[in-house]
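Reading through the structure tokens given below for one structure.
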Amino acid sequence: MTESLPRRIEESLAAHVRIASGLKRQAEQQGRLPVPFITMSRQFGCEAIVLAEALAQKLDETEKLEQGSWQVYSKQIIEAMADKEYSAAQLMEALDLKARTAIEEFIETIVGRISDLKLLNKLVRTLRATATLGRCIIIGRGGALLTRDMPGGIHIRLVAPEEFRLQGLVTRFQWSMAKAQQVLRQEDNIRLNFFKKYLHSNPNDAQNYDLVLNTERLSRAEQLDQILTLFKARNL
């Protein structure tokens with residue numbers, strides 16, 4: 001499925017599991033559930049990781065938590081965690097029986113909708129277990145749809161006109177416009193096909209998200225402000 005994770009990332013993930021497990025238990029003892037999490041979907045060419053990393057720092061400050069309590073999970077990290085090279089069992093073991101059962105029941109509900117579920121069930125378990133632990137920002141992989149029934153989630157979508165996204169790719173990667181167009185359309189098709197095949201949905205459907213942000217019209221600071229405002233309004 002994917003390559004093993006670099007040791008520094010495995011160590012960071014292990015630390016997050018430890019911190020998140022402690023915070024989750026503390027929240028349960030104080031009756032302050034659900035534990036918050038965020039999913040971030042984007043059109044290809046919209047910068048999500050930089051925004052998510054800035055947001056994680058802001059959320060640590062907002063909740064007065066130690067730095068690193070909120071973690072960012074890119075598509076590549078989620079896939080690597082689901083792979084046998086990284087023990088996804090660590091995540092499941094960090095959850096109580098009720099949470100593990102809920103994940104298994106969710107998988108059962110989509111068996112009839114996914115013809116090759118075996119290719120996806122580790123991904124689903126990993127993604128939902130990560131969201132259950134909380135204080136994570138999950139980028140891509142249909143996170144909004146795979147966790148939309150879970151309390152405590154905020155689901156963000158980043159969009160921008162194609163021309164703006166193309167120019168961003170040319171600037172960031174020093175690509176020719178022709179290559180940027182080729183890669184953008186290829187990636188857009190891959191994502192659309194993933195949603196259609198596995199989730200029977202369209203990633204561009206605004207009804208899948210709580211907040212849709214136009215990255216051409218809004219600066220990164222304004223995007224952060226919009227997400228933090230919603231986070232505080234939800235009293236999470």
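The values are calculated or read from the model by the stated rules, or taken from the named source; none is laboratory data. Fair warning: this is a prediction, and the values are worked out from it, not measured in the lab. Please note: Cβ atoms are built from the backbone with ideal geometry, for glycine as well, and neighbour counts cover all protein chains shown.
Of the residues that make up the range 117-138, is at least one surrounded by fewer than 17 Cβ atoms within 10 Å (Cβ to Cβ), modelled with pLDDT under 85 and of a type in the set (Val, Ile, Thr)? Taking every residue of the range 117-138 in turn, none turns out to be surrounded by fewer than 17 Cβ atoms within 10 Å (Cβ to Cβ), modelled with pLDDT under 85 and of a type in the set (Val, Ile, Thr).
Checked against (1) closer than 23 Å to Leu123 by Cα; (2) under 17 Å from the mean Cα position of the chain (by Cα); (3) buried (at least 16 other Cβ atoms within 10 Å of the Cβ), Leu213 meets all criteria but (1).
If the condition is being outside any helix (DSSP H, G or I) and buried (at least 21 other Cβ atoms within 10 Å of the Cβ), then the range 143-158 contributes Gly153, Ile156, Arg157, Leu158.
Looking only at the range 175-190, residues that are among the polar types (S, T, N, Q) and in a loop (DSSP other than H, G, I, E, B) come to 1 in all. Of all residues in the range 160-174, exactly one satisfies the criterion of being assigned to a helix (DSSP H, G or I) and small (Gly, Ala, Ser), namely Gly168.
The one condition from (1) modelled with pLDDT under 90; (2) over 19 Å from Ala48 (Cα atoms); (3) within 15 Å of the chain's Cα centre (by Cα) that His200 does not meet is (3).
Yes or no, residue by residue, for (1) among the β-branched types (Val, Ile, Thr); (2) touching a residue at least 40 places away in the same chain (Cβ under 8 Å); (3) more than 30 Å from Leu59 (Cα to Cα):
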{"position": "Leu123", "(1), (2), (3)": "no, yes, no"}
{"position": "Thr130", "(1), (2), (3)": "yes, yes, no"}
{"position": "Arg141", "(1), (2), (3)": "no, yes, no"}
{"position": "Pro151", "(1), (2), (3)": "no, yes, no"}
{"position": "Val159", "(1), (2), (3)": "yes, yes, no"}
{"position": "Phe164", "(1), (2), (3)": "no, yes, no"}
{"position": "Ser176", "(1), (2), (3)": "no, no, yes"}
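Taking the criterion of being in a helix (DSSP H, G or I), closer than 14 Å to Ile137 by Cα and modelled with pLDDT of 90 or more, the residues of the range 10-67 that qualify are Ile49, Val50, Leu51, Ala52, Glu53, Ala54, Leu55, Ala56, Gln57, Lys58, Leu59, Asp60.
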